[in-house]
Amino acid sequence: MKEQKWIHEGLITESLPNGMLGFRLDNKNLILGYVSGKIRRRFIRILPVDRVKIEVSRYDSTRGRIIYRLCNKDSND
């Protein structure tokens, strides 16, 4: 049976060494995370002001993985 994951939305607050990122979830929790393989393979740029979807394990809720970058409404992309 595959491990169940929680999906949250949040804002990237800081870029840390070694590819880690700091997130502030919509419920005001702070967690650490990294970029998933699909995003890394497709060279999707992630900046500290982007909103993202984060996959968090039920066993360790202090770490997560970015699975999707949401569109910014104020961006001209």
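The values are calculated or read from the model by the stated rules, or taken from the named source; none is laboratory data. The structure presented is a predicted model; accordingly, all values stated were derived computationally and were not measured. Note that we place each Cβ from the backbone using ideal geometry, even for glycine, and neighbour counts take in every protein chain shown. Accessible surface areas use protein heavy atoms only, side chains included; no ligands, DNA or RNA. Shrake-Rupley method; radii C 1.70, N 1.55, O 1.52, S 1.80 Å.
Close contacts from region 43-63, counting a first residue that is farther than 16 Å from Asn27 by Cβ and part of a loop (DSSP other than H, G, I, E, B) and a second that is open to solvent by less than 70 Å² (accessible area, probe 1.4 Å) and at pLDDT below 90, with Cβ to Cβ under 8 Å and a gap of 6+ residues or different chains, come to Ile46/Ile39; Val49/Asn72; Asp50/Asn72.
In summary, Tyr34 fulfils each of the numbered conditions (1) touching a helix residue (DSSP H, G or I) at 6+ places or on another chain (Cβ under 8 Å); (2) open to solvent by 40 Å² or more (accessible area, probe 1.4 Å); (3) at pLDDT below 90 with the single exception of condition (3). Residues in region 23-42 that are free of Cβ contacts under 8 Å to residues at least 40 places away in the same chain, assigned to a strand (DSSP E or B) and within 16 Å of Arg69 (Cβ to Cβ): Arg24, Leu25, Gly33, Tyr34, Val35.
Do you know which of the residues in region 40-57 that are over 11 Å from the mean Cα position of the chain (by Cα) and surrounded by 12 or more Cβ atoms within 10 Å (Cβ to Cβ) is modelled with the highest pLDDT? Ranking the qualifying residues of region 40-57, first place goes to Ser57. When the residues of region 66-75 are filtered to those that are free of Cβ contacts under 8 Å to residues at least 60 places away in the same chain and under 12 Å from Gly10 (Cβ atoms), the one that is most open to solvent (accessible area, probe 1.4 Å) is Tyr68.
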